[in-house]
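Novice: Before I ask anything, here is the structure I am working with.
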Amino acid sequence: MAPSTQQVFIDGSFADLAQELAEYLNVGPEIQPLLEENKKDEVLKKLVTASTVLNSSPEKEFTAAYNLLVYLVIQSPSVNIFLPRICENLSKPVTSSPANGSGLALNILSTVFNLLKPDNDVRFNVFQAILRLVKNSGLFEMLRPQLKKLDSWIVEWDVDEEDQRKLFGQIADVAEDSGDEEQSYQYILKALHTFDPKNTAEISSAEAQKLSLRALRIALLSSNHFDFNDLTSLPTIQALSDSHPVYSELLEILSEKELEDYNDFRDEHDGFIEDEGLDNSKLHRKMRLLTLASLAASTNSRELEYRRIAKALQVPSEDVEMWVIDVIRAGLVEGKLSQQKQMFLVHRTTYRVFGDKQWREVATRLDQWKESLRSVKEVISRERQQAETQKERELHEVDRKVAGATGMGAGRRTGGRDNIVEMGTD
């Protein structure tokens, strides 16, 4: 959609242009008397009703005919009455151009959207028509750049939470159909944020639970989603502990526990993963990566022996380096492998959760750093004192040598009048 300053320029009076379009739509005789009586809205009603045939008009005439119709309608004080029908027609297939019809219709809808004032409520309906067309045609890439403006549009349209939720759900569907899993996930989260967190009935409703499970499944199976705080902080997700306790338990394991806990979950809820259509291989792999991240975060020495990693991940020692490389690629840990020492040297890691245990670990590390700094300070102070002592010693030595040189000079008077004895007689 182009900037809202876009305009359509068509020369001619309303009567002449309406008659021209009516002849094209084969309703000329019907609107002639209405034009003579200056019943413009009745004329537009006839034209809009007959405009369904435009979807079968030749491709080269499609844009011009629709632009003329939009131009006539946009001038009417009753524009909001006629535009929804036009949008509905444009959402349907353009039979005369199977290959380019969707793009042509999208251009017309974008023109309608941009011609309306920013605070016009009908803009919301036009945008929904655009979404339906994008969904049916797979043209999500044309819509994607405009989504960054959506938040400001919603404010301008003064859309309530329920309509926002429906809109976000539509965008999530369109993104999912196009294969953009991450975009779909983000708009499901936006939809979940529209539920009132103080309304227990609302966050526990069937709609809230359906959206929550949808978001949770995407996050669980995503190959690059490892931080679940965006879910666990949502009241609708927290409500799953009552309605879907097994899902809630699985989320807790992925959020803060380790591979052994996941294996225990599998034993306790045998068949759950398969029955729910989840992929155990993906979940198992993710749990290994998360377990390694937790292990790295809890290691005070910043040195992880291969054998500890192998034990925690339940893999052969020869596979350790492969898993370390994978966890680094996932952005969970930074470090360096030492094949010689058979260790992974941890440079940076991220806590999966941050609770009492993590605060205690931070306190322990702060104490260690404090002790290290104290030791460094003592070494520096000792070296500084030794340097100052050595400097004083050297200064004393210089003074001693200078003083010694001065004394020797005073005892060696061998010339001059003071050394002459004068003798004589009166």
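Novice: Using the Karplus equation 6.51 cos²θ - 1.76 cosθ + 1.60 (θ = phi - 60°), what ³J(HN,Hα) coupling, rounded to whole Hz, does each residue of the stretch 264-281 give in order, writing x for Gly and Pro?
Specialist: Result, ordered by residue: 5, 4, 4, 5, 6, 10, 4, x, 4, 4, 5, 5, 8, x, 7, 9, 4, 5 Hz.
Novice: Can you list which of the trypsin sites (Lys or Arg not before Pro) found in the stretch 18-89 are DSSP loop residues with at most 16 other C-beta atoms within 10 Å?
Specialist: Listed in order of number, the matching sites are LYS39.
Novice: Also: Calculate the all-directions average of the projected area of the stretch 228-376's alpha-carbon convex hull, and give it in nm².
Specialist: Averaged projected area of the stretch 228-376's Cα convex hull equals 10.7 nm².
Novice: Looking at this model, which pairs from LYS370/LYS391; LYS148/LYS190; LYS341/LYS377 are more than 19 angstrom apart at the alpha-carbon?
Specialist: Working: LYS370/LYS391 31 Å; LYS148/LYS190 13 Å; LYS341/LYS377 30 Å.
Where the Cα-Cα span goes over 19 Å, the pairs concerned are LYS370/LYS391; LYS341/LYS377.
Novice: Now for a different question. In a Debye calculation with equal point scatterers on the alpha-carbon sites of the chain and no solvent, what is log10 I(q)/I(0) at q = 0.07, 0.09, 0.11, 0.13 Å⁻¹?
Specialist: Results for the chain at q = 0.07, 0.09, 0.11, 0.13 Å⁻¹ read -0.60, -0.80, -0.97, -1.13.
Novice: Which lysines, if any, have their Cα less than 23 Å from the Cα of LYS40, not counting same-chain residues under 8 positions apart?
Specialist: Reachable lysines: LYS117.
Novice: Only four residue types carry charge here, +1 at the Cβ of Lys and Arg and -1 at the Cβ of Asp and Glu. Report the dipole size of the chain about the Cα centre in Debye, rounded to the nearest 20.
Specialist: Value, rounded to 20: 1840 debye.
Novice: What is the calculated FRET efficiency for ALA403 to VAL376, with r their C-beta to C-beta distance and R₀ = 35 Å, to the nearest 0.05?
Specialist: Efficiency at R0 = 35 Å is approximately 0.30.
Novice: If packing is taken as the average number of other Cβ atoms within 10 Å across a peptide's residues, how do 17-24, 318-325, 380-387 rank, most packed first?
Specialist: So the peptides 17-24, 318-325, 380-387, ranked by packing, come out 17-24, 318-325, 380-387.
Novice: Run the reach check for LYS311 against lysines, Cα to Cα strictly under 16 Å, same-chain hits fewer than 8 apart removed. What comes back?
Specialist: In chain and number order, the partners are LYS257.
Novice: Determine the calculated [θ] at 222 nm for the chain from helices alone, applying -39500 (n - 2.57) to every DSSP H run no shorter than 4 residues and normalising by the residue count; nearest 500 deg cm²/dmol.
Specialist: -20500 deg cm²/dmol
Novice: What ³J(HN,Hα) values, in whole Hz, does the Karplus curve 6.51 cos²θ - 1.76 cosθ + 1.60 give for the stretch 144-152 when θ = phi - 60°, with x put for Gly and Pro?
Specialist: These are the phi-based 3J(HN,Hα) values: 3, x, 7, 5, 5, 8, 4, 4, 5 Hz.
Novice: Turning to a different aspect of this structure: Please determine, in degrees from 0 to 90 and to the nearest 10, the orientation of helix 59-74 with respect to the longest principal axis defined by the Cα atoms of the chain, where the helix direction is its Cα long axis.
Specialist: Value to nearest ten degrees: 90.
Novice: What is the packing order of peptides 275-282, 255-262, 109-116, 307-314, taking the mean over residues of other C-beta atoms within 10 Å and listing the highest first? Display every interim value, and only then the final one.
Specialist: Values: 275-282: 11.5, 255-262: 18.0, 109-116: 22.1, 307-314: 16.4.
Highest-to-lowest ranking by the protection proxy: 109-116, 255-262, 307-314, 275-282.
Novice: A follow-up question, please. What FRET efficiency comes out for ALA387 versus ILE325 if R0 is 51 angstrom and r is the Cβ-Cβ distance? Round to the nearest 0.05.
Specialist: Details: r = 47 Å, r/R0 = 0.92.
The formula returns an efficiency of 0.65 here.
Read-outs: derived from the displayed coordinates by stated rules, not from any lab. Just so it is clear, the model here is predicted, and its values are computed rather than measured. Note that we place each Cβ from the backbone using ideal geometry, even for glycine, and neighbour counts take in every protein chain shown.
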